[in-house]
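Structure record follows, encoded as structure tokens.
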Amino acid sequence: MQGIYLECPMGAAGDMLLAALLDCGLSAEELREQLSLLPLQGYTFKSERTSKNGLSALQVKIQVTEKQPYRNLPEIKEIIHLANLSPPVKEKSIAVFQTLAQAEAKVHGIPADKVHFHEIGAVDSIVDIAGCIIALEMLGVEKIYASPLPLGRGWIKTGHGRIPLPAPAAVEIIKEFRIPCYGLPLEGETVTPTGAAILGTLCSGFLPVPPIIIESIGYGAGSKDFNYPNIVRAFKGKFTGSELLSTGSDACFRENLLAEPLEIMEANIDDLNPEIYNYVLERLFSSGALDVYFTPIQMKKNRPAVKITVLANPQKSHQLGQILLQETTTLGYRRQSAEKIMLPRQQTLVETPWGPVRVKLAGQPPHYHNIAPEYDDCLRIAREQGIPLKKIYQQVWKMLT
């Protein structure tokens, strides 16, 4: 699985993350062309190498050449919707800004749509956020992990006046997404709200460097200078998972098992209109649930009920829990942390006598544990050719084994 690990020894800001991704081998000109698809005027985008305590790093500089208005969330969404960018880039960019808006709204006690962004609504922050997501798409990244975040201390001047560090919006995001953090004996801002929002919204977990075959390394420089290199380091490559020695008849083979953190949420419900369950299911899946299923149970006094189980990445658990509280009659839900262990998976194309069929393979060649032909492809061939569906499955298995 192609992925990237973001090491943040001195924190994270939008420009540092963008520079680290760009330094992984992307063309600055190609990124600039993609950014030009945003309906934004009055800025220039430059990248240049610099040195941070002896380490060579790439620094991104976005200079505003025209006065920019303060923008609220609906206006920023409109800018992104109008851009000729891919749907995933638009969706993820809006999700990051939604994270920022909700954090600012919580801090200032107003609705998210009424938040007038000062720093984070400025053109440079829009470019930082959209640029990071465009860069991730250009790099072909499927999974993102990051290190725990270090927090500085002191005060900073903003559009709202002087506020304590870490910035309240940044801390709100760190709390909301359960990002591990620790304090640094350092006067200054290390994690900006934009940096926290990008990481919290996009990362699957925050942990030490996971097993990875590194293919390229990028160094992104921050604008400030400290006693230590103010950089974000990006490791791009293939995540391999934990290498475990198998036992039994396959003792001579090693499986590269993939491990991911997982949260399990459950609620027992005995008084919800059954017609509503399908809508709850749709909302949970559209909001990022990995899986949702219903189990019939018997509660006290032998009342029939339904147990809703939701599987999610840790960063999505709070949002999905809110949906359970809003859309069902439950008064609460249970949440527990777990770890999901997976076989490595890949998809291949098998050319049958009747046409191509996509196939999911689990395990490592030549000893696959599971072979699953794509049902929709087999069904289409069965209907078009008038062939029994099981015969198509048998042909695929025969060709692969």
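Each reported figure results from applying straightforward, stated rules to the coordinates on display, with no laboratory input. Being a predicted model, the structure only gives us computed values, none of them experimental. For neighbour counting, all protein chains shown are included, and Cβ atoms are generated from backbone atoms with ideal geometry for every residue, glycine included.
At q = 0.13, 0.22, 0.24 Å⁻¹, work out log10 I(q)/I(0) for the range 1-81 with the Debye formula, treating every Cα as an identical point scatterer and leaving solvent out; two decimals please. Evaluating at q = 0.13, 0.22, 0.24 Å⁻¹ gives log10 I(q)/I(0) of -0.55, -1.22, -1.30. When you restrict to C-alpha pairs under 8 Å that are six or more residues apart and normalise by the size of the range 2-239, the relative contact order lands at 37 percent. Projecting label points 7 angstrom from Cα along Cα→Cβ for Gln347 and Asn72 puts them 4.1 nm apart. Across every pair of non-identical alpha carbons in the range 345-400, the mean reciprocal distance, once inverted, gives a Kirkwood radius of 11.4 Å. Residue by residue, the range 266-283 carries 3J(HN,Hα) couplings of 9, 8, 9, 10, 10, 9, 9, 4, x, 5, 7, 4, 5, 5, 4, 4, 4, 5 Hz when phi is fed to the Karplus relation 6.51 cos²θ - 1.76 cosθ + 1.60 (θ = phi - 60°); x denotes Gly or Pro. Counting only residues at least eight positions apart within a chain, or on another chain, the lysines with an alpha carbon under 23 Å from that of Lys238 are Lys92, Lys143, Lys340, Lys360. Contact order, relative form, for the chain: 18 percent (alpha carbon pairs under 8 Å, 6 or more residues apart, mean separation divided by residue count). Rounded to the nearest 10 degrees, the inclination of helix 317-327 to the longest alpha-carbon principal axis of the chain is 70 degrees. Modelled spin-label separation between Leu290 and Arg380, with each label point placed 7 Å from Cα along the Cα-to-Cβ direction: 2.9 nm. Compute the angle between helix 73-82 and the longest alpha-carbon principal axis of the chain, please, reported from 0 to 90 degrees and rounded to the nearest 10. That works out to roughly 70 degrees.
Listed here are the pairs Lys61/Lys157; Lys46/Lys316; Lys67/Lys90; Lys52/Lys90; which of them are more than 28 Å apart at the Cα? Pairs exceeding 28 Å: Lys46/Lys316; Lys52/Lys90. Database remark: amide H of Thr240 closer than 5 angstrom to the amide H of Ile212, Ile213 (H placed geometrically; neighbours at sequence offset of 5 or more, or on other chains; Pro and chain starts carry no H). Extending 7 Å from Cα along the Cβ direction at Ala372 and again at Ala95 yields two label points whose distance is 2.1 nm.
Viscosity 1.306 mPa s, temperature 10 °C: give me the Stokes-Einstein translational D for the chain in µm²/s, with Rh taken as the Kirkwood radius over C-alpha pairs. Once the numbers are plugged in, D ends up at 67 µm²/s.
Working note: Cα gyration tensor of the range 2-239, eigenvalues times five, square-rooted, sorted largest first, giving semi-axes of 24, 22, 18 Å. The string of couplings for the range 290-299 from the Karplus curve (6.51, -1.76, 1.60, θ = phi - 60°) is 6, 7, 9, 8, 10, 10, x, 9, 10, 9 Hz, one whole number per residue in order, with x for Gly and Pro. P(r) tail for the range 259-342, what percent of Cα pairs lie past 19 Å? In whole percent, the share of Cα-Cα pairs in the range 259-342 beyond 19 Å is 35. Fewest neighbouring Cβ atoms within 10 Å first, the residues Thr50, Thr192, Thr295 line up as Thr295, Thr50, Thr192.
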